[in-house]
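Visitor: Here it is, the structure in full.
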Amino acid sequence: MIIDLRSDTVTRPGPGMLDAMRSAPVGDDVFGEDPTINLLEEKAAAMFGMEKAIFCPSGTMTNQIGIKCHTQPGDEVICDELSHVYQYEGGGIAFNAGASVRLLQGDRGRINKNLIQSAINNPDDVHTPISRLVVVENTANRGGGSCYEMSDLVEMSEVCKSLGLSYHLDGARLFNALVAKRQSASEYGKIFDSISICLSKGLGAPVGSLLLGKMDFIKKARRIRKVFGGGMRQAGSLAAAGIYALDHHIERLSDDHQHATIIEKILTQQSFITETLPVETNIVIAECDPSFNLKKFIDKMKEQGVLFFSISPTRFRMVTHLDVNSQMMDALSEKIKLAL
Ligand SMILES: *Cc1c(COP(=O)(O)O)cnc(C)c1O
């Protein structure tokens with residue numbers, strides 16, 4: 001038994017998803033002629049009450065296209081210091097958009113209205129970059145899967161609107177937040193200028209992300225996607241996996257959240273753990289006593305078939321997903337005991 005808790009990206013498509021992939025009609029999507037991709041884009045846009053969507057190979061690409069479309073070189077992007085767009089996209093904000101970044105110190109990856117207001121540059125001051133875009137991440141990955149309250153997201157959208165800033169959501173794990181907070185996708189569609197969602201995280205599709213926004217914005221995004229090399233041809237089989245995931249894998253995310261709570265409980269009983277971040281969705285982040293040999297523990301756990309990553313010398317992360325089941329959770333305590 002391999003218990004792979006490295007990421008929710010490690011899932012493999014099951015029989016239902018594979019059937020959907022095999023039977024999907026396809027065409028050339030650069031020509032806009034892949035019926036399955038068109039269907040997925042329409043389905044996602046309708047779900048969020050947004051005008052249009054575009055299918056891309058990765059969430060990094062949907063974020064980067066979004067940022068590129070919202071900014072001009074030299075503009076400033078405002079986001080949390082832990083955010084994926086800053087930490088894990090290879091400096092893409094600078095590389096692709098030529099934009100500057102203002103980092104905010106939020107609460108477990110979550111920013112708020114006041115932090116944004118204090119970071120806005122005076123547009124009449126020629127010394128400072130033009131504040132142009134706010135990016136929020138929900139759930140916040142490095143925040144341990146923390147979720148936003150809708151009221152905070154609405155407040156930030158009002159600040160953005162009043163100051164003429166664009167408002168982008170990195171919703172790689174937005175469906176986890178929707179399930180955990182019992183929010184609806186359409187509430188998000190109303191307040192954001194653009195939303196990126198991943199099909200390849202908790203939803204369990206092998207590949208793919210969608211960028212959602214207004215008609216003009218997505219038209220521009222299609223051009224940028226081509227420039228970034230993300231124009232795919234007969235990728236409808238991948239889109240079919242995405243459609244299957246939207247139809248079958250959203251409600252079950254509560255199982256992943258339940259499993260993460262079980263992991264949290266097991267970890268808090270361990271003497272080498274000093275703290276776990278509050279578990280809100282499918283990510284558990286734990287802090288170890290500085291005297292504890294985390295690297296050795298990770299190696300020993302690997303020998304027991306349990307895979308996970310450290311995110312600092314004293315911190316590690318475990319992520320639950322579609323391919324983690326309750327038998328694995330039952331076995332985890334014993335495996336930790338054997339690895340210590
Ligand atoms: C995984 C992830 C992405 C996108 O990652 P890709 O691997 O490029 O699909 C974006 N934002 C967050 C918060 C993520 O966790």
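The values are calculated or read from the model by the stated rules, or taken from the named source; none is laboratory data. This structure is a prediction, so every number in the text was calculated from the model and none was measured. With ideal geometry, Cβ positions are generated from the backbone for all residues, glycine too; neighbour counts draw on all protein chains shown. SASA here: full protein model, heavy atoms, side chains in, ligands and nucleic acids out. Shrake-Rupley method; radii C 1.70, N 1.55, O 1.52, S 1.80 Å.
Visitor: In segment 217-234, how many are touching an Asp or Glu at 6+ places or on another chain (Cβ under 9 Å) and open to solvent by 10 Å² or more (accessible area, probe 1.4 Å)?
Guide: In the first step, residues of segment 217-234 are kept if they are touching an Asp or Glu at 6+ places or on another chain (Cβ under 9 Å); the result is 217-218, 231-234.
The next check asks that each one be open to solvent by 10 Å² or more (accessible area, probe 1.4 Å); those that pass are 217, 231-234.
Counting residues in segment 217-234 that are touching an Asp or Glu at 6+ places or on another chain (Cβ under 9 Å) and open to solvent by 10 Å² or more (accessible area, probe 1.4 Å) gives 5.
Visitor: Collect the residues in segment 235-262 that are among the aliphatic types (A, V, I, L, M), under 16 Å from Val319 (Cβ atoms) and surrounded by fewer than 24 Cβ atoms within 10 Å (Cβ to Cβ), keeping them in residue-number order. Break it down stepwise before answering.
Guide: Taking segment 235-262 first, the residues among the aliphatic types (A, V, I, L, M) are 235, 238-241, 243, 245-246, 250, 253, 260, 262.
When the remaining residues are screened for being under 16 Å from Val319 (Cβ atoms), the result is 253, 260, 262.
Answer for segment 235-262, where residues must be among the aliphatic types (A, V, I, L, M), under 16 Å from Val319 (Cβ atoms) and surrounded by fewer than 24 Cβ atoms within 10 Å (Cβ to Cβ): just Ile262.
Visitor: Report yes if Leu115 is without any contact (Cβ under 8 Å) to a residue 60 or more places away in the chain, open to solvent by 10 Å² or more (accessible area, probe 1.4 Å), under 30 Å from Ala286 (Cβ atoms) and not in a helix (DSSP H, G or I), otherwise no. Give the derivation first.
Guide: Numbers: without any contact (Cβ under 8 Å) to a residue 60 or more places away in the chain: yes; open to solvent by 10 Å² or more (accessible area, probe 1.4 Å): yes; under 30 Å from Ala286 (Cβ atoms): yes; not in a helix (DSSP H, G or I): no.
It is false that Leu115 is without any contact (Cβ under 8 Å) to a residue 60 or more places away in the chain, open to solvent by 10 Å² or more (accessible area, probe 1.4 Å), under 30 Å from Ala286 (Cβ atoms) and not in a helix (DSSP H, G or I).
Visitor: Right, something else. Might you let me know whether segment 82-89 holds any residue that is assigned by TED's automatic domain parsing to the domain that holds Ser209, more than 16 Å from the ligand (Cβ to nearest atom) and within 23 Å of Met156 (Cα to Cα)? Steps first, answer last, please.
Guide: Quick first cut of segment 82-89, residues assigned by TED's automatic domain parsing to the domain that holds Ser209 only: 82-89.
Within this subset, residues satisfying the condition of being more than 16 Å from the ligand (Cβ to nearest atom) are none.
No.
The rows are residues; the columns are (1) polar (S, T, N, Q); (2) over 24 Å from Ala339 (Cα atoms); (3) open to solvent by 40 Å² or more (accessible area, probe 1.4 Å).
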residue: Cys198; (1), (2), (3): no, yes, no
residue: Leu210; (1), (2), (3): no, yes, no
residue: Lys214; (1), (2), (3): no, yes, yes
residue: Val279; (1), (2), (3): no, no, no
residue: Val284; (1), (2), (3): no, no, no
residue: Phe297; (1), (2), (3): no, no, no
residue: Met301; (1), (2), (3): no, no, no
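Visitor: Collect the residues in segment 102-112 that are in contact (Cβ under 8 Å) with a residue 40 or more places away in the chain and of a type outside the set (D, E, K, R), keeping them in residue-number order.
Guide: In the first step, residues of segment 102-112 are kept if they are in contact (Cβ under 8 Å) with a residue 40 or more places away in the chain; the result is 108, 110-112.
Once the filter is applied, which keeps residues that are in contact (Cβ under 8 Å) with a residue 40 or more places away in the chain and of a type outside the set (D, E, K, R), segment 102-112 yields Ile111, Asn112.
Visitor: Give the residue that is surrounded by the fewest Cβ atoms within 10 Å (Cβ to Cβ), with candidates limited to residues of segment 63-80 that are of a type in the set (D, E, K, R) and within 16 Å of the ligand (Cβ to nearest atom). Lay out the reasoning, then the answer.
Guide: Keep residues of segment 63-80 that are of a type in the set (D, E, K, R), which gives 68, 75-76, 80.
Now narrow it down to the ones that are within 16 Å of the ligand (Cβ to nearest atom): 68, 80.
Values: Lys68: 23, Asp80: 25.
Here the answer is Lys68.
Visitor: Quick one: which of Thr36, Thr60 is under 23 Å from Ala140 (Cβ atoms) and of a type outside the set (Phe, Trp, Tyr)?
Guide: On the way: Thr36 fails: under 23 Å from Ala140 (Cβ atoms).
Of the residues listed, the single one that is under 23 Å from Ala140 (Cβ atoms) and of a type outside the set (Phe, Trp, Tyr) is Thr60.
Visitor: Conditions first: (1) open to solvent by 10 Å² or more (accessible area, probe 1.4 Å); (2) within 16 Å of the ligand (Cβ to nearest atom). Ala94 passes all but one, so which condition is the exception?
Guide: Among (1) open to solvent by 10 Å² or more (accessible area, probe 1.4 Å); (2) within 16 Å of the ligand (Cβ to nearest atom), Ala94 violates only (2).
Visitor: Scan Gly242, Gly230 and give me the residue that is outside any helix (DSSP H, G or I) and either among the basic types (Lys, Arg) or under 28 Å from Gly92 (Cβ atoms) (or both). Break it down stepwise before answering.
Guide: Details: Gly242 fails: outside any helix (DSSP H, G or I).
Result: Gly230 is the single residue among Gly242, Gly230 that is outside any helix (DSSP H, G or I) and either among the basic types (Lys, Arg) or under 28 Å from Gly92 (Cβ atoms) (or both).
Visitor: Another question about this same structure. Among the listed residues Thr60, Thr9, which satisfies the condition of being closer than 30 Å to Leu332 by Cα, within 16 Å of the ligand (Cβ to nearest atom) and open to solvent by 40 Å² or more (accessible area, probe 1.4 Å)?
Guide: Details: Thr60 fails: closer than 30 Å to Leu332 by Cα.
Sole residue among the options that is closer than 30 Å to Leu332 by Cα, within 16 Å of the ligand (Cβ to nearest atom) and open to solvent by 40 Å² or more (accessible area, probe 1.4 Å): Thr9.
Visitor: Let me ask something else about it. Identify all residues within segment 39-57 that are out of contact with any Phe, Trp or Tyr (no Cβ under 9 Å at 6 or more places or on another chain) and away from the ligand (no atom under 14 Å from the Cβ); write none if there are none. Write out each step before concluding.
Guide: Of all residues in segment 39-57, those out of contact with any Phe, Trp or Tyr (no Cβ under 9 Å at 6 or more places or on another chain) come to 39, 42-43, 45-47, 53-55, 57.
Leu39, Glu42, Lys43, Ala45, Ala46, Met47, Ala53, Ile54, listed by residue number.
Visitor: Could you tell me whether segment 123-131 includes any residue that is within 21 Å of the chain's Cα centre (by Cα) and of a type outside the set (A, V, I, L, M, F, W, C)? Steps first, answer last, please.
Guide: Step one: of segment 123-131, the residues within 21 Å of the chain's Cα centre (by Cα) are none.
Taking every residue of segment 123-131 in turn, none turns out to be within 21 Å of the chain's Cα centre (by Cα) and of a type outside the set (A, V, I, L, M, F, W, C).
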